[in-house]
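Worksheet for the structure shown next.
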Amino acid sequence: MVAHHHAGARLRTGAIFRRRARLVIRWLAVALVGALFLWCDRRPPPFYPFPLRWLLPTIDTLLVVLLVFRQNHGPRLILWLAGRFPPLPPIGLSDLLALMGVSGWFAAVLGAARDHVTLSVPGVEKDFRVYATRATDLAEVFRADGFYHLGYPLLLWLVHPFTGSNVFVAARLIAAASGSLMLLAAYWLARTVLDRRAGPSPDTPTCPTVSTPSTIHGGALLALLLLALSPLTVQYALFLGSDMPCAALIALSLAALVAATPRRSALFLALSGAAAGGAFLMRHPALVLLPWGILVCLARRQHPFPFLAGFLLLSMPQYVVNLAATGHPLYSLQAKNIWLAVYGNTDWGRWSEVPNTIGLDEIILRDPSRFMQNWWFNLRSFIGTGAEDTSEYGRALQLRLLGWPANWLALAGLAGWAGGAVGGVRRGKRRSQLAPSLLLLFIVLYVPAICVAFILPRFFLPLAPIYAAAAAWSIQAGITRYDPPPSEVHALRNLMGVGLVLLVFLWGGFQTGVRSVLNHQPADEQAIARLTLATVRPGERLLAHLPPDVPLAKYSAIAHLVAPWPDAPDERTALTIAQQQGITSLLWDESSGPPPLPDPAAARLGGAGNYGLYRLVPVMRVMSDE
């Protein structure tokens, strides 16, 4: 008995010793690994010439991912939060996550836009001078223009009082806000398409568009991620122009009309029509939404009056202005752009060869085959050219709407939608694929209409939300087909896994879009604008003596600081008047020599290229004393 007791005590002691030994070894291993990471972070490890500063964060990230997916901890946590989320219908946890994600994206874009201080050229911002000139005068805003609609100048006129009367800064804010609106509309559109594949049925008395708060819209969040990290989306959330506001309103119109149900038919139809009318105020191509909306209403046996009323109400200012100035409510000179593409080989040097009033019928009838060849070439350039394109680089503009591999997943999703629609028609169940079929119809109408003239990637920006939804659909359909999830936990885990993998490939898309905008700013203008913003104190004014083609004085982040040039017979007298007016700084083009100051070198605060910034007040006081 005693021997048995002593044996049990020895076993317990040995077990305690082994546990303590393992604990000591574990802490020693942790200390050794920590010291190793600290050494590798500060100094290069053996067999590698540089410190591994990203090694520890990378391993930590991998461990977090493993912790999330081990035993489905991550999906279970999300579903637990969704089930206990405070009931705020119709907002659920997924909607809150989307709002938080878009808010973070908006803040990141605004942060990047702080470095956007002058026009990024060549590119879309060449047209910003026209918009900015019209935006400062309400009479110019409501002026008939056959090339530019009044919507974007009106939007600039409304916003620029809140940005110190700086139209450039107002345009930066509008671009970022429009990008956020497009992301939210894309999330709404993807949620409708992915969560209710059957589409709204007129025979169903109640067909809710919003699921219960506990439902996780993983596919819609995935589509939002794909679109938010697309370089094209980020680009035009930073570029100054009407492209992103128009694309955002088109996306909102698509989402509202696809989500329209018999229960909320009139409200959503009116919202869709109003968004379509606002998009038409921005750019001419949005007119495609009008026939599309009517066809959709007829296909779903809904009365199109709310849609038409909303469209006409928002687009009425353009009709009134055109009718009063020209007698034609749809006054447009866009046919000249078609001539430039068909006969001018998109050479802007030939712009003046024909009058602005050339008509579309004249362009077509002059050489119908040439017109069709241009249209067919543009259509192939959007879809993707083949071996018939013998140039060094082919074109496939639709692949530029999303980053890789989301762009190819989008094509697979579109093919799946088309196959589902054809199969549904053959089986007599056309409503089973109604929502995707409506989006395919819009693509079929929009792309051929745009291809009539010359094409650029930004012309197809309104299609990016549809392609993001199609990419998410293909992922969701592939997971369901080849690995049917036994529960919502497994389905969410699969989507999270795919989302993390795509995040690795798409993570650099945001910075790619930012760099493509910021790097095209002239370096000298960008540097002197930053120096001016850092030097000129609040409340001070700036005098600028620059060439007319330099946008710093009128179309830049420092334009609100620039005072009008005094009316004087010479530059020295103008500077004296400016000093009397309390102007404290001078921005001078030094290519023609230094400014007429007593000691320009002493007054010079800095410079970049041909531009110099000078302190005006002390020098002018010396001149006044003399």
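The values are calculated or read from the model by the stated rules, or taken from the named source; none is laboratory data. Predicted, not measured: the structure shown is a model, and the values here were computed from it. Glycine gets a Cβ as well: all are built from the backbone with ideal geometry, and neighbour counts include every protein chain shown. Please note that ligands, DNA and RNA were not included when accessible areas were found on the heavy atoms of the full protein model with its side chains. Shrake-Rupley method; radii C 1.70, N 1.55, O 1.52, S 1.80 Å.
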Study note, to complete from the structure: If we keep only residues of the stretch 590-626 that are in a helix (DSSP H, G or I) and among the polar types (S, T, N, Q), then the residue modelled with the highest pLDDT is SER591
Review point. Which of the residues that make up the stretch 446-461 are open to solvent by 30 Å² or more (accessible area, probe 1.4 Å) and assigned to a loop (DSSP other than H, G, I, E, B)?
Key: VAL452, PHE454, LEU456
Revision key, fill the gap. In the stretch 229-241, residues that are hydrophobic (A, V, I, L, M, F, W, C), part of a helix (DSSP H, G or I) and farther than 9 Å from GLY509 by Cα total 2
Point to revise | Selection within the stretch 291-314 - within 18 Å of LEU440 (Cβ to Cβ) and part of a helix (DSSP H, G or I) | key: PRO291, TRP292, GLY293, ILE294, LEU295, VAL296, CYS297, LEU298, ALA299
Practice item. For the stretch 493-525, name all the residues that are touching a strand residue (DSSP E or B) at 6+ places or on another chain (Cβ under 6 Å) and either open to solvent by 50 Å² or more (accessible area, probe 1.4 Å) or part of a helix (DSSP H, G or I) (or both). Key: ASP524, GLU525
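Limited to the stretch 533-565, what total is found for residues that are in contact with a helix residue (DSSP H, G or I) (Cβ under 9 Å, 6 or more places away or on another chain) and either basic (Lys, Arg) or in a loop (DSSP other than H, G, I, E, B) (or both)?
11
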Practice item. Scan the stretch 527-577 for residues that are of a type in the set (S, T, N, Q) and free of Cβ contacts under 8 Å to residues at least 60 places away in the same chain and report the count. Key: 2
Practice item. Please enumerate the residues belonging to the stretch 266-292 that are over 25 Å from GLY241 (Cβ atoms) and not aliphatic (A, V, I, L, M). Key: PHE268, PRO291
Check your understanding: Could you give every pair whose Cβ atoms fall below 9 Å, whose first residue belongs to the stretch 246-272 and is open to solvent by 40 Å² or more (accessible area, probe 1.4 Å), and whose second residue is among the hydroxyl-bearing types (Ser, Thr, Tyr), counting only separations of at least 6 or pairs across chains?
Key -> PRO262/SER201; PRO262/THR204; PRO262/THR206; ARG263/THR206; ARG263/THR209; ARG264/THR209; LEU271/SER253
Exercise for review: Take the stretch 354-404 and flag every residue that is polar (S, T, N, Q), surrounded by 13 or more Cβ atoms within 10 Å (Cβ to Cβ) and in a helix (DSSP H, G or I).
Suggested key: ASN374, ASN378, SER381, GLN398
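Here's the yes/no breakdown for (1) modelled with pLDDT under 90; (2) closer than 24 Å to SER315 by Cα:
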| residue | (1), (2) |
| --- | --- |
| LEU156 | no, yes |
| HIS160 | no, yes |
| VAL167 | no, yes |
| SER178 | no, yes |
| THR209 | yes, no |
| GLY218 | yes, no |
| LEU222 | no, no |
Point to revise | Which listed residue, of ARG530, ARG572, is crowded, with 17+ Cβ neighbours inside 10 Å and in a helix (DSSP H, G or I) | key: ARG530
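Being among the charged types (D, E, K, R) and modelled with pLDDT under 90 is the filter; apply it to the stretch 473-526 and report the residue that is nearest to PRO547 (Cα to Cα).
My answer is ARG493.
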Exercise for review: Would you check which residues across the stretch 318-335 are touching a residue at least 24 places away in the same chain (Cβ under 8 Å) and either aromatic (Phe, Trp, Tyr) or assigned to a helix (DSSP H, G or I) (or both) and list them?
Suggested key: GLN318, VAL321, ASN322, ALA324, ALA325, THR326, TYR331, ALA335
